[in-house]
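The values are calculated or read from the model by the stated rules, or taken from the named source; none is laboratory data. This structure is a prediction, so every number in the text was calculated from the model and none was measured. Cβ atoms come from the backbone with ideal geometry, glycine included; neighbour counts cover every protein chain shown.
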Amino acid sequence: MPEIFIDGQAIQAEPDQTVLQAALANGIFIPYFCWHPHLSVHGNCRICVVEVEAKGGSWLDISCNMPVTEGMHVLTDSEEVRAQRKAILQFVTLNHPVDCGICDKAGECTLQDYHFAYNGSPSISRDAKVHATKFFDLSKRIVLDNERCILCSRCVRFTREISKSHALGIENRADHSLVRPAEDRRFDDDPYSDNVIDICPVGALLSKQFLYKARVWYLEPTPSVCPGCERGCAVQIWHRRPEWRLNALDPRQNAEIARVTPLENPAVNGPWICNKGRDLARIFERARAEQPMLKGKPVELAAAIDAARRLIDEARHAVALVSNWGSNEELAAFKQALAGRFAASFVKRDRQPEPGERIEDDFLIRADKNPNTAGARALFDDAPAALPDGADLVLVWGEGCDFGRLPRGAKTVFLGSYLAPENGHADVFIPVSIQTERRGSYTNFAGTVSPFEPCFAKKPSVADAETLFAALAQRERATA
Amino acid sequence: MTAKPFKRKAYWNEAELSWWERAYLFEILRGLGITGGVFMRNMWRWMTGRKGALTTYYPEETRPDYGRHNRGKHVLTQRPDGRAQCIACNMCATVCPAKVIEIDAAFDPDDPAHPKYPSRFEIDYSRCVFCGLCVEACPEDAIRMVKEVPDFPGADRHRMWLGKEELLGWKPQSDVAKPYPAKAGGAAKRGPA
């Protein structure tokens, strides 16, 4: 364990650490653009410069590429370092358009923060800025603004080291350098491409879905879990802050998913997620079913619960198909309150892979496209190919059930969240809340439990499955 | 002679009344005389076709003597082709202490110099405090305040919004601070001639 001194403070560093890693691990901040904890060291931005003190004098060097050595003395905030950082920021912004006013990154931009903290003066260059391509389509999802790009090459290294698509490179030289897709590869084929938007330290790589949708300080993140596959990556769902609620514009903007970003979780996904996780709005913002129904006839929620309770009471051989999109808490509530009333309860696979979707790879994406299969299987058996004949009541919880294959003559109680033709055919249909409206946790395929928080309010006519099961389990009361 | 003992007032401007004032009736009648006199004078002026009190009969009448820097209502300045100067950066909406400005931004691929523009720009005048911080925050001189007040008295406070079309109604013939130079070529692309 070499001991090094950063700003006079003695630090026990790991032998294979660099000065930057040792400093960050001990709470000393050194700025960096091109360095990224999960990517290789490139050392092109020079902003992490520090002063190394030695007997024969001192010199400036970049800390991201400097291994620690025993007894080394480093200064991170000396006069020379500050002057050097200022000069580097002048250089980095030499051709930067400084169009923060219309840049989606503004507010969470590293360059903005560093410029404010370490430079603070306008450009001293007398030369005109070099203009480059604006809004170059890097893929169907990502647009590149070459004027804002500071050529840190994080995106290029991401495609080479993490997603392994090798789809990006830098062409031309000096201030004509451009990030471009490789000639023989399409960035569209990279299922992890959107991560480059997050790791871009400036606003050069922008999401087309999110382009000009909202300034980031109007949004807040809610920690959640991606339900796209059984990996269960930790994500942040960004939505409008309540204090910035819109009154005149489309009120739907107040309760919609603005964007989804990864939430770093070393046990599950690291700092990455796949593109499907970015498109959670496509899953959650489908047309919702909000009306309880008896055979297609709209009724009050309490009446629908009463009817379902009566059906469960009267059934002699009831079967339940349990959703593997239910949280651990809901599944436990079902097991505790209702499972005893059913002859058999099976786990149903709610969603199958969509056409064209990447099925499985060796990085994050898993073949089972449901979030809580492991949690559900711990409590219930897998569904057989055909339900046993003789069942006179089937409780279906969640989507993905073929009603045509249920036993003939059996009554159906359906708990669903989205508009579907089956809703009106079920004897009792009760709308239930979705993941963004409730608290809970999922267990992923490796047994890691990840919690999620609610970010939107549910409609009063929609039930929470966890409390609904307790209500369904109550035997005949005065209401009967 | 003994000095009168100091008496603390019950409140800071408690009146010290003489016996005549304490008698009440005479002073009340004098006050009624003053009020009635002013009323009669104004009434006489009104009946003879002149203006009585200083009251401005809003909204039929607005005062001509607003100060030059009166912050009356907002206008959105325009580019030579009639589009809004606004780049939808939301600085005004962010700085607004009453949070009354709401902007929907849109992407214009045809104009790489101004790719972001406001598709909607709404100001709620029922909550606006007319502080002018939006004008100060604007990096593009896109929003200004003129001395005239917004002209919508109404019974419904939820309908006191002005949209982009109304705010863009300001068309100065000449403006020293903003000379509206006609751009070569590109000006005829869109908007009114």
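See the values below:
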{"quantity": "Residue list for the range B:135-157, filter: within 25 Å of A:ILE102 (Cα to Cα) and away from chain A (no Cβ under 14 Å)", "calculated": "B:VAL135, B:GLU136, B:ARG144, B:MET145"}
{"quantity": "Enumeration of residues in the range B:29-68 that are touching a Gly at 6+ places or on another chain (Cβ under 6 Å) and modelled with pLDDT of 90 or more", "calculated": "B:ASN42, B:ARG45"}
{"quantity": "For A:LEU393: the one exception among (1) touching a residue at least 40 places away in the same chain (Cβ under 8 Å); (2) over 16 Å from A:ALA315 (Cα atoms); (3) surrounded by 15 or more Cβ atoms within 10 Å (Cβ to Cβ); (4) in contact with a Lys or Arg (Cβ under 7 Å, 6 or more places away or on another chain)", "calculated": "(2)"}
{"quantity": "Elements of type helices (runs of 4 or more DSSP H) in the range B:76-193, at least 1 residues being closer than 28 Å to A:GLN253 by Cα, modelled with pLDDT of 85 or more and of a type in the set (Ser, Thr, Tyr)", "calculated": "B:91-95"}
{"quantity": "Count of residues meeting criterion [among the aliphatic types (A, V, I, L, M) and in a loop (DSSP other than H, G, I, E, B)] in the range A:270-320", "calculated": "5"}
{"quantity": "Among (1) more than 14 Å from chain A (Cβ to nearest Cβ); (2) more than 17 Å from the chain's Cα centre (by Cα); (3) of a type in the set (D, E, K, R); (4) under 27 Å from A:ARG245 (Cβ atoms), the one test that B:ASP81 misses", "calculated": "(4)"}
{"quantity": "Residues of the range A:52-80 satisfying the condition of being within 39 Å of the chain's Cα centre (by Cα), of a type in the set (D, E, K, R) and assigned to a strand (DSSP E or B)", "calculated": "A:ASP61"}
{"quantity": "Scan of the range A:123-155 for residues that are away from chain B (no Cβ under 14 Å) and free of Cβ contacts under 8 Å to residues at least 60 places away in the same chain, ordered by number", "calculated": "A:SER123, A:ILE124, A:SER125, A:ARG126, A:ASP127, A:ALA128, A:VAL130, A:SER139, A:CYS149, A:CYS155"}
{"quantity": "Single match in A:ARG231, A:ARG316, A:ARG252, A:ARG259 (criterion: surrounded by fewer than 19 Cβ atoms within 10 Å (Cβ to Cβ) and either away from every other protein chain (no Cβ under 14 Å) or modelled with pLDDT of 95 or more (or both))", "calculated": "A:ARG316"}
{"quantity": "Matching residues, the range A:106-141, being of a type in the set (Phe, Trp, Tyr), exposed (fewer than 15 other Cβ atoms within 10 Å of the Cβ) and in a loop (DSSP other than H, G, I, E, B)", "calculated": "none"}
{"quantity": "Output for the range A:66-99, where each listed residue is in contact (Cβ under 8 Å) with a residue 40 or more places away in the chain and within 14 Å of chain B (Cβ to nearest Cβ)", "calculated": "A:PRO97, A:ASP99"}
{"quantity": "Number of the condition not met by A:LYS208 [criteria: (1) charged (D, E, K, R); (2) within 14 Å of another protein chain (Cβ to nearest Cβ); (3) touching a Ser or Thr at 6+ places or on another chain (Cβ under 8 Å)]", "calculated": "(3)"}
{"quantity": "Criterion: more than 12 Å from chain A (Cβ to nearest Cβ) and surrounded by fewer than 18 Cβ atoms within 10 Å (Cβ to Cβ) - qualifying residue of B:ASP65, B:ASP108", "calculated": "B:ASP65"}
{"quantity": "Number of the condition not met by A:TYR212 [criteria: (1) farther than 30 Å from B:ALA106 by Cβ; (2) outside the structural domain of A:ASP137 (by TED's automatic domain parsing); (3) not charged (D, E, K, R)]", "calculated": "(1)"}
{"quantity": "Strands (runs of 3 or more DSSP E) (entirely within the range A:162-229) containing at least 3 residues that are on the phi < 0 side of the Ramachandran plot and touching a residue at least 60 places away in the same chain (Cβ under 8 Å)", "calculated": "A:205-207, A:219-225"}
{"quantity": "Condition met for A:VAL41 (under 26 Å from A:CYS155 (Cβ atoms), surrounded by fewer than 21 Cβ atoms within 10 Å (Cβ to Cβ), in contact (Cβ under 8 Å) with a residue 24 or more places away in the chain and not assigned by TED's automatic domain parsing to the domain that holds A:CYS155)", "calculated": "yes"}
{"quantity": "Single match in A:ASP194, A:ASP250 (criterion: of a type in the set (D, E, K, R), in the same structural domain as A:ARG148 (by TED's automatic domain parsing) and out of contact with any strand residue (DSSP E or B) (no Cβ under 6 Å at 6 or more places or on another chain))", "calculated": "A:ASP194"}
{"quantity": "Residue list for the range B:40-54, restricted to those being within 29 Å of the chain's Cα centre (by Cα) and either of a type in the set (D, E, K, R) or part of a loop (DSSP other than H, G, I, E, B) (or both)", "calculated": "B:ARG50, B:LYS51, B:GLY52, B:ALA53, B:LEU54"}
